[in-house]
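Structure first, commentary second.
The values are calculated or read from the model by the stated rules, or taken from the named source; none is laboratory data. Keep in mind it's a predicted model, so treat the numbers as computed, not measured. All Cβ positions, even for glycine, are placed from backbone atoms using ideal geometry, and neighbour counts span all protein chains on display.
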Amino acid sequence: MDSWLRGRLHPAEVAQLRANLSAHGLSPAALARGARPIVFADVVSTGGTMKQLLDILRDWAGDERADWPAVLRRVRIVGLTRRRRTSPNTYRWQQHAGWVRDLVPGAIRNVSVESALFSYLADYQVKLTRSFGRDLWADDGVRDPGRDDNTRRALAEAVAIVEAGRTPAVRERLARTMSREPAIAEPWLRDLVRRLRVAKGDT
């Protein structure tokens, strides 16, 4: 594996990664037995990270003789993507990734955001936790909260976002924005808009 894994995994790293995924109910056997879909969400440019994750699960399923087609039927992907001009020639990452054909139709959904926000979230935003790279997979201290200035700034930003989301003005603006989306024809989004406005009235 390359890219985010920065080279091929050693056997001990494979075992540790599988243990970590199993602890969160993400072993191929658990996925194959599940009744509901499992959703993987990430900032997506080309889909390389998602491909590597599925490659890891596929190899694991082969080693343990798990039902790989059943795993694929449960997988859903939500990609946060950079918003581009809409046209027949617009780049859509999943149209250039052959591996997505193994998933069920409709398994991939994208949420596009303005370029500046995409860049901020993907490249610049300070996170509450360290990037969970392979050098930390076996680190018992990885769950310990950070206490440095960067972590405090990230926590302050998270608190500010939550507080803003509780204000009537932000809830109404969010409801109006959602109401303009094509998906407002779907009952689930209409219900979400209704609940936003009810909660706004309760504050």
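Cβ separations smaller than 7 Å between residues 6+ apart or across chains give the following pairs from the range 177-191 residues that are more than 17 Å from Asn110 (Cβ to Cβ) and in contact (Cβ under 8 Å) with a residue 12 or more places away in the chain to residues that are surrounded by 10 or more Cβ atoms within 10 Å (Cβ to Cβ) and among the β-branched types (Val, Ile, Thr): Ser179/Val193.
When Arg101 is tested against (1) basic (Lys, Arg); (2) more than 26 Å from Met178 (Cβ to Cβ); (3) in contact (Cβ under 8 Å) with a residue 12 or more places away in the chain, just one condition goes unmet, and that condition is (3).
Determine whether Leu17 is part of a helix (DSSP H, G or I), in contact (Cβ under 8 Å) with a residue 40 or more places away in the chain and touching a strand residue (DSSP E or B) at 6+ places or on another chain (Cβ under 8 Å). So Leu17 fails the test.
The set of residues in the range 162-191 that are part of a helix (DSSP H, G or I) and loosely packed, with under 10 Cβ neighbours inside 10 Å comprises Val162, Ala169, Pro182, Ala185, Pro187, Trp188.
In this structure, Val159 does satisfy being out of contact with any helix residue (DSSP H, G or I) (no Cβ under 8 Å at 6 or more places or on another chain), part of a helix (DSSP H, G or I) and modelled with pLDDT of 90 or more. What single numbered condition from (1) in contact (Cβ under 8 Å) with a residue 40 or more places away in the chain; (2) assigned to a strand (DSSP E or B) fails to hold for Phe118? Among (1) in contact (Cβ under 8 Å) with a residue 40 or more places away in the chain; (2) assigned to a strand (DSSP E or B), the lone unmet condition for Phe118 is (2).
A single member of Gly133, Gly106 is in contact (Cβ under 8 Å) with a residue 24 or more places away in the chain and closer than 23 Å to Leu57 by Cα, and it is Gly133.
Residues of the range 102-115 that are in a loop (DSSP other than H, G, I, E, B) and on the phi < 0 side of the Ramachandran plot: Leu103, Val104, Pro105, Ala107, Glu114. Selection of the range 51-101 for residues being at pLDDT 95 or above, hydrophobic (A, V, I, L, M, F, W, C) and part of a loop (DSSP other than H, G, I, E, B) yields only Ala66.
Condition check ((1) among the charged types (D, E, K, R); (2) buried (at least 16 other Cβ atoms within 10 Å of the Cβ); (3) within 14 Å of the chain's Cα centre (by Cα); (4) closer than 30 Å to Ser115 by Cβ) across all residues:
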residue: Ala23; (1), (2), (3), (4): no, no, no, no
residue: Arg36; (1), (2), (3), (4): yes, no, no, no
residue: Ser45; (1), (2), (3), (4): no, no, yes, yes
residue: Met50; (1), (2), (3), (4): no, yes, yes, yes
residue: Arg65; (1), (2), (3), (4): yes, no, no, no
residue: Val71; (1), (2), (3), (4): no, yes, no, no
residue: Thr81; (1), (2), (3), (4): no, yes, yes, yes
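For (1) touching a Pro at 6+ places or on another chain (Cβ under 8 Å); (2) among the aliphatic types (A, V, I, L, M), each residue gets a yes or a no:
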{"residue": "Ala19", "(1), (2)": "no, yes"}
{"residue": "Ala23", "(1), (2)": "no, yes"}
{"residue": "Gly34", "(1), (2)": "no, no"}
{"residue": "Val71", "(1), (2)": "yes, yes"}
{"residue": "Val75", "(1), (2)": "yes, yes"}
{"residue": "Gly79", "(1), (2)": "no, no"}
{"residue": "Arg83", "(1), (2)": "no, no"}
{"residue": "His96", "(1), (2)": "no, no"}
